[in-house]
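The values are calculated or read from the model by the stated rules, or taken from the named source; none is laboratory data. This is a predicted model, so every value here is computed, not measured. Note: ideal-geometry Cβ built from the backbone for every residue, glycine included; neighbour counts use all protein chains shown.
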Amino acid sequence: MQMILFAIKNDWAVLLPILACSLLTVAVFIERWWFYRSNRRDIVEVIQVLQNELHRGNLGGAARNCTEVGGLLGEVAQMGVRTLAEQKGDFERQFDITANLATRRLERGLPVLGTIATVSPYLGLFGTVIRILLTFGEMAQAGGGAAGGAPQIMAGIGSALIATAFGLGVAITAVAMNNYFHTVVSRWEEDFQLLKLLFLSQADRRTATAPQPGSAAQAPQQPMRPRQNSEI
């Protein structure tokens, strides 16, 4: 406990960046956790409802269901229904654009966790080196042969290692959060792919049942020639 108080009192300048990283890690965790929780939906239920509406050709009902679902998944599904109804251009490409934009919103803040996980151990090591250098400098001024030299060295090294332990603790926490959130984002991407497959199957079905150009047009009838009487 004395070493911790000594480190806080004398090494606050090198511990402050690590403390800022820890607070930023907690802030990103709370914000991302709340965002994922507020947008979480049951993909199985959403797929079943959309599949029933699309199978009946009720695009308006499918759009209303997407609005009721809400959240990020509902927004992506609603855009898919709208694109399917408009029948403009390549549906797969337009849906991929919408899904990628949604994925960007899901990944917001995760690079911060990755950066903290990389930088925090080096900040701790930097603080350790600085404290050891200061300890040896104080010993040199006091005289290396002093009786209290060994305890002073041990106290200085022990205080220096606090920065390393602090940095490693922040880094480990950031790595664990980053990996967990990336797993959550991967599940969202899988949900987007399920919606994409559902819409593509419906688009193929609509294309197959649509009348082909010219199929309903009847072939022009040849003008009937007057029947010639063989009897003269």
Among the residues of the stretch 83-109 satisfying the criterion of being aliphatic (A, V, I, L, M) and crowded, with 17+ Cβ neighbours inside 10 Å, which is farthest from the chain's Cα centre (by Cα)? Leu84
Here is a check on your reading of the model: is Asn178 more than 28 Å from Val81 (Cα to Cα), polar (S, T, N, Q), modelled with pLDDT of 75 or more and out of contact with any Asp or Glu (no Cβ under 6 Å at 6 or more places or on another chain)? yes
Consider the stretch 160-200. How many of its residues are over 11 Å from the mean Cα position of the chain (by Cα) and β-branched (Val, Ile, Thr)? 6
Got a sec? Which helices (runs of 4 or more DSSP H) wholly within the stretch 1-82 have at least 2 residues that are surrounded by 14 or more Cβ atoms within 10 Å (Cβ to Cβ) and either modelled with pLDDT of 90 or more or of a type in the set (Ser, Thr, Tyr) (or both)? 12-39
